[in-house]
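J.: Dropping the structure in here first, questions after.
Every number here is computed from the coordinates shown, using simple stated rules; none is lab data. Just so you know, these numbers come straight off a predicted model, no measurement behind them. Neighbour counts run over all protein chains shown; Cβ positions are idealised from the backbone, glycine included.
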Amino acid sequence: MSSDQTNQPLRDIQDIRRIMDRSSRFISLSGLSGVAAGVCALGGAYVGYRILDNYYGHFDSRGFFSGDDFDRLKIKFALLAAVVFALAFASSFYLTWRKAQRDGLPIWDHTSRRLAWNMVVPLLAGGIFIIGMLRYDAWMFVAPACLVFYGLALVNASKYTLPEIRYLGYCEIILGLVNMFFIGYGLWFWAIGFGVLHIIYGIVMWRKYDTVKS
Amino acid sequence: MVNNPINGLNKVFESRIRLGVMSILMVNEEINFNDLKQMLEVTDGNLATHLVNLEENGFIKVHKGFVGKKTNTTYAITKSGERAFTEHIRALEEMIKGMK
C-alpha cells in the first residue's frame with residue numbers, strides 16, 4: 001500500500017471533524033473582542049461613577065434634590081449606556097471581523113446568523129424587561145437584571161460558538177444574583193461583570209485560540 | 001479475514017463532497033443549498049449531483065420550501081443516513097487504530 005492510501009482514513013476523519021466543527025459553531029469570535037468590550041464597560045462605569053458622585057455632591061451642597069436633577073441624571077445615564085453599548089459592540093465586531101478575514105472564513109453565514117439570533121432573544125427580553133421596570137423607577141434592579149439576562153444569553157449562545165463562553169455566562173448569572181442581595185452596589189457589580197470578567201475571559205480566549213496560529 | 005474494518009466502509013462516502021455533506025448534516029438539523037455550497041466550496045451542478053446521489057441512497061431528505069417568492073431547498077439527514085455514516089466513521093477509526 002502506498003503511504004497516500006494508508007493516510008486516507010486519517011485524513012477523512014480529520015476532514016469530518018473539521019467540517020462538523022466549522023458548520024455548527026461560529027468559531028471566529030476573537031478573544032480581543034472580549035477585552036475591547038470589557039475596556040469600554042470599565043470606561044463607562046467610571047464615567048457613570050463620576051456622574052453619580054457629582055449628583056450626590058449637589059445634594060450635599062444644597063441639602064436637597066430637585067426633580068430636575070433626577071431627570072437630568074436619568075438622561076445622562078441613558079445616553080451613557082447607549083454610547084458604551086455602541087462602542088463595545090463596534091469594537092468587538094471589528095476585531096471578530098478581522099479574525100474571520102485573516103482565517104478566510106465568512107462573517108455572515110448560517111453559524112453566525114444562528115449565534116446572533118440565540119443571543120438576541122434573551123437580550124431583547126431582558127432589555128424590554130428592564131425598560132418595564134424603569135417605568136416603576138426600580139433603578140436598583142437594573143444592574144442585576146443586566147447581568148442575569150446577559151449571562152443567560154451567553155449560556156444559550158455557547159451551543160453555537162466557542163463552548164467556553166458558557167463559563168463566562170455562569171459567572172455573569174451568579175454575579176447578578178449576588179448583586180440582588182447587595183442592592184446599592186449595582187455599578188460595582190456591573191463594572192466587574194461587564195468590565196473585569198470580559199477582560200479576563202478575552203485574554204484567556206485570546207491566548208487559547210488566537211495566538212496558536214502563526 | 002474476519003471483521004475486516006474495510007468492510008464497514010461505505011462506497012457512497014468515498015467522494016469528498018458526499019463526505020462533507022454528511023458531516024454537515026450530522027450536526028445541523030437542516031441546512032439549505034447555498035449554505036452547503038458556501039461551506040464545501042463547490043459549484044452548483046457538482047453539489048446537486050452529489051445531493052441527488054445521497055437522496056437516492058435514502059441518506060438525506062429534501063424539503064422544497066419558499067422564502068418569499070424564492071425557492072429555498074433544505075436538506076436533512078435520515079435515520080438510515082445517520083446509521084450508515086456512523087458506521088463509516090467507526091470503520092475509519094478501526095483502520096487508524098489498526099495502523100498504529
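J.: On alpha-carbon atoms, Rg over Rh for region A:30-209 using Kirkwood Rh?
T.: When Rh is taken as the Kirkwood radius, the ratio is 1.01.
J.: Taking H placed 1.01 Å from N in the peptide plane, check which residues at least 5 places from B:S15 or on another chain put their amide H under 5 Å from its amide H.
T.: It is none; the list stays empty.
J.: What does the charge dipole of region A:1-84 about its Cα centre add up to, to the nearest 20 debye, if the Cβ of each Lys and Arg holds +1 and the Cβ of each Asp and Glu holds -1?
T.: Using Cβ point charges on Lys, Arg, Asp and Glu, region A:1-84 gives about 80 debye.
J.: How many percent of the alpha carbon pairs in chain B exceed a separation of 23 Å?
T.: When all Cα pairs of chain B are counted, 30 percent exceed 23 Å.
J.: If you average the C-alpha positions of region A:27-53 and of region A:88-104 separately, how far apart do those two centres end up, in angstrom?
T.: 17
J.: Could you tell me the largest-minus-smallest coordinate of the C-alpha atoms of the protein assembly as shown on each of the three principal axes, in descending order and whole angstroms?
T.: 94, 50, 34
J.: Return a whole-number percent for the relative contact order of chain B, with Cα pairs under 8 Å and 6 or more residues apart as the contact set.
T.: Rounded, it is 37 percent for chain B.
J.: Same structure, new question: Where the only charges are on Cβ atoms (+1 Lys, Arg; -1 Asp, Glu), what is the dipole of chain A about its Cα centre, to the nearest 20 debye?
T.: With only Lys, Arg, Asp and Glu charged at Cβ, the dipole is about 460 debye.
J.: As a footprinting exposure proxy, order A:D12, A:D137 by other Cβ within 10 Å, with the fewest listed first.
T.: A:D137, A:D12
J.: Quick query: amide H of A:I27 versus all other amide H atoms, modeled in the peptide plane; which residues come in under 5 Å with a sequence gap of 5 or more or a different chain?
T.: Excluding prolines and chain starts, which carry no amide H, there are no hits.
J.: How far, in degrees from 0 to 90, does helix B:16-27 lean away from the longest principal axis of the Cα atoms of chain B, to the nearest 10?
T.: Compared with the principal axis, the helix lies near 80 degrees.
J.: Over chain A, what is the mean sequence separation of C-alpha contacts under 8 Å (at least six apart), divided by residue count, expressed as relative contact order in percent?
T.: Relative contact order for chain A comes out at 33 percent.
J.: Also, I was wondering about something else. Summing Lys, Arg as +1 and Asp, Glu as -1, what charge do residues with Cβ under 11 Å from the Cβ of A:R22 carry, A:R22 excluded?
T.: Result for the local shell: -1.
J.: Got a sec? How would B:M22, A:M205 order by Cβ neighbour count within 10 Å, fewest to most?
T.: So the ranking, lowest neighbour count to highest, is A:M205, B:M22.
J.: Ranked by Cβ crowding within 10 angstrom, fewest neighbours first, how are A:F89, B:F33, A:F181 ordered?
T.: A:F181, A:F89, B:F33
J.: Specify the inter-centroid distance of region A:181-200 and region B:38-95, based on alpha-carbon positions, in whole Å.
T.: 47
J.: What FRET efficiency would be calculated for the residue pair B:E41, B:M99, taking the C-beta separation as r and a Förster radius of 22 Å, to the nearest 0.05?
T.: 0.15
J.: Is any helix in chain A, taking whole DSSP H runs, at least 27 angstrom long along its axis by alpha carbon and on average at least -0.5 on the Kyte-Doolittle scale, and which ones?
T.: Membrane-span-like by this rule: A:31-62, A:67-103, A:110-134.
J.: Would you grab the residues whose amide H sits under 5 Å from the one on B:I60? Only those 5+ places off in sequence or on another chain, please, with H modelled 1.01 Å from N.
T.: B:E55, B:T78
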